[in-house]
Amino acid sequence: MSRTMKAIQITHFGGTEQLKLVEIPRPEPGPGEVLVRLSWAGVNFIDVYMRNGSYVRSSTYQTPLPMTIGMEGSGSVAALGSGVDDVGVGDRVAYCLVRGSYAEYAVVPAWKLVRVPETIPLSVATALMLQGATAHYLTHSAFPLTPGHVCLIHAGAGGVGQLLVRLAKLRGALVIATVSSPEKAAIARSCGADHCILYVQTDFRMEVLRLTDGVGVDVVFDSVGKDTLHRSMRSLKRRGLCILFGASSGQINAIDPLALAEAGSIYFTRPHLADYMVTADEIRGRAVDLFTAYQDSRLSVTIDRELPLGAAAAAHRVLEGRETHGKLLLRVDEAAR
Ligand code: NDP
């Protein structure tokens, strides 16, 4: 094993030009940690927030500089720190919410690792970690959907969006999705969305009210933020729940409490995935649910594209440019497929 490795780092917050391919020392696993030789790094919107400095105020997702980007990966166990006995060298593993996956190796706390069954490609397992777990906690924990619920899902053809639509349908909910193009509407429909609204061209709130006979939806899953939040809140039924879980169009800095009352005494939450992946049992429970649904063909995963590690800047550009339709992966190990 070489003492150095390739990684994508930033030394300053900013645009995609900050993402540099560098050669840095390979990390060593400490007690309770595992060295993972990465095959795939997942690209997620959180990587954009970390790169551009949106998360400088977050203590949950810290962003010290210089920083190797990437919060999700999969590969094989290369070495064990002391006291690790639940995985062995060579095991196929995946994980999320540990910074530094845009690299050939990463050190991961053993309790955050999930073993990947042989029947699941590592690329699929990667998609099911951060984006899958997000769709899982939103539909099972933040608002446990049941048959009869009506939900509104923004960006329904995106990475999280497609999985969210699929899981909401598995939970028996009626799904109204928003997307920016007819092509994306076809994708959201193929995932099971009952209705699709082109929210760039149409006032989605008016359309939601029309589709629900003026009542509104039980829950809004809003990852778009700045462009949608106000109307999302006004698309809810009385005492519904607005879950703002992202800011793909820009961050929201303040909400007037009276706006919650005026929207029908609605509830509002802005969750972090980390608060729904608190213990090894919680992480593995979500992963087992997702892996089982994939193995039983109840859940499918769309890999949008695979790019080499050195193309991280291009990957961020397509994600921010709304060009992806599903999971975006960086191929770290050229032999990985
Ligand atoms: P996506 O694949 O969903 O890509 C983002 C999508 O957002 C775009 O494809 C686009 O869909 C839509 N969008 C709307 N306005 C804009 C805009 N101005 N610029 C760019 N995109 C826009 O990304 P991910 O699946 O990685 O993440 C989706 C969201 O979920 C992100 O906001 C992310 O931060 C959030 N997230 C939150 C978590 C949490 O626990 N809080 C955990 C994981 C993800 P369209 O063209 O159809 O509008």
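The values are calculated or read from the model by the stated rules, or taken from the named source; none is laboratory data. Here the structure is a predicted model, which is why all the values come from computation and not from measurement. Cβ: placed from backbone, ideal geometry, glycine included. Neighbour counts: every protein chain shown. Just so you know, the surface numbers come from the protein's heavy atoms only, side chains and all, with ligands and any DNA or RNA stripped out. Shrake-Rupley method; radii C 1.70, N 1.55, O 1.52, S 1.80 Å.
Of the residues that make up region 234-244, is at least one over 24 Å from Tyr137 (Cβ atoms) and touching a Leu at 6+ places or on another chain (Cβ under 7 Å)? No, every residue in region 234-244 fails to be over 24 Å from Tyr137 (Cβ atoms) and touching a Leu at 6+ places or on another chain (Cβ under 7 Å).
Results for (1) open to solvent by 30 Å² or more (accessible area, probe 1.4 Å); (2) within 21 Å of the chain's Cα centre (by Cα); (3) more than 16 Å from the ligand (Cβ to nearest atom), shown as yes or no for each residue.
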residue: Met5; (1), (2), (3): no, no, yes
residue: Pro27; (1), (2), (3): yes, no, yes
residue: Gly30; (1), (2), (3): no, no, yes
residue: Leu35; (1), (2), (3): no, no, yes
residue: Val48; (1), (2), (3): no, yes, no
residue: Thr63; (1), (2), (3): no, yes, no
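Of the residues making up region 142-149, one or more are within 16 Å of the ligand (Cβ to nearest atom), among the small types (Gly, Ala, Ser), surrounded by fewer than 24 Cβ atoms within 10 Å (Cβ to Cβ) and over 14 Å from Phe291 (Cβ atoms).
When the strands (runs of 3 or more DSSP E) confined to region 234-337 are screened for residues that are under 19 Å from Ile46 (Cα atoms), those reaching at least 2 such residues are found at 236-244, 303-308, 327-331. Taken over region 182-195, the residue count meeting the criterion of being in a strand (DSSP E or B) and open to solvent by less than 60 Å² (accessible area, probe 1.4 Å) is 0. A single member of Val179, Val200, Val215 is crowded, with 24+ Cβ neighbours inside 10 Å and aliphatic (A, V, I, L, M), and it is Val179. Say whether the condition of being open to solvent by 70 Å² or more (accessible area, probe 1.4 Å), more than 10 Å from the ligand (Cβ to nearest atom) and at pLDDT 95 or above is met by at least one residue in region 324-334. No: region 324-334 contains no residue that is open to solvent by 70 Å² or more (accessible area, probe 1.4 Å), more than 10 Å from the ligand (Cβ to nearest atom) and at pLDDT 95 or above. Of Val56, Val22, Val84, Val89, all but one fail to be surrounded by fewer than 21 Cβ atoms within 10 Å (Cβ to Cβ), more than 24 Å from the chain's Cα centre (by Cα) and more than 23 Å from Met129 (Cα to Cα); the exception is Val22.
Pro117 passes every criterion in (1) surrounded by fewer than 23 Cβ atoms within 10 Å (Cβ to Cβ); (2) more than 19 Å from the chain's Cα centre (by Cα); (3) farther than 13 Å from Arg284 by Cα apart from (3). The single condition among (1) within 13 Å of the ligand (Cβ to nearest atom); (2) free of Cβ contacts under 8 Å to residues at least 40 places away in the same chain that Val224 does not satisfy is (2).
In region 73-97, the residues that are over 18 Å from Thr126 (Cβ atoms) reach residues that are surrounded by fewer than 16 Cβ atoms within 10 Å (Cβ to Cβ) and modelled with pLDDT under 95 with C-beta atoms within less than 8 angstrom, at least six apart or across chains, in these pairs: Ala79/Met1.
Quick check on Arg99: is it of a type in the set (Lys, Arg), modelled with pLDDT under 95 and part of a loop (DSSP other than H, G, I, E, B)? Outline the logic, then answer.
Details: of a type in the set (Lys, Arg): yes; modelled with pLDDT under 95: no; part of a loop (DSSP other than H, G, I, E, B): yes.
So Arg99 does not fit the description; no.
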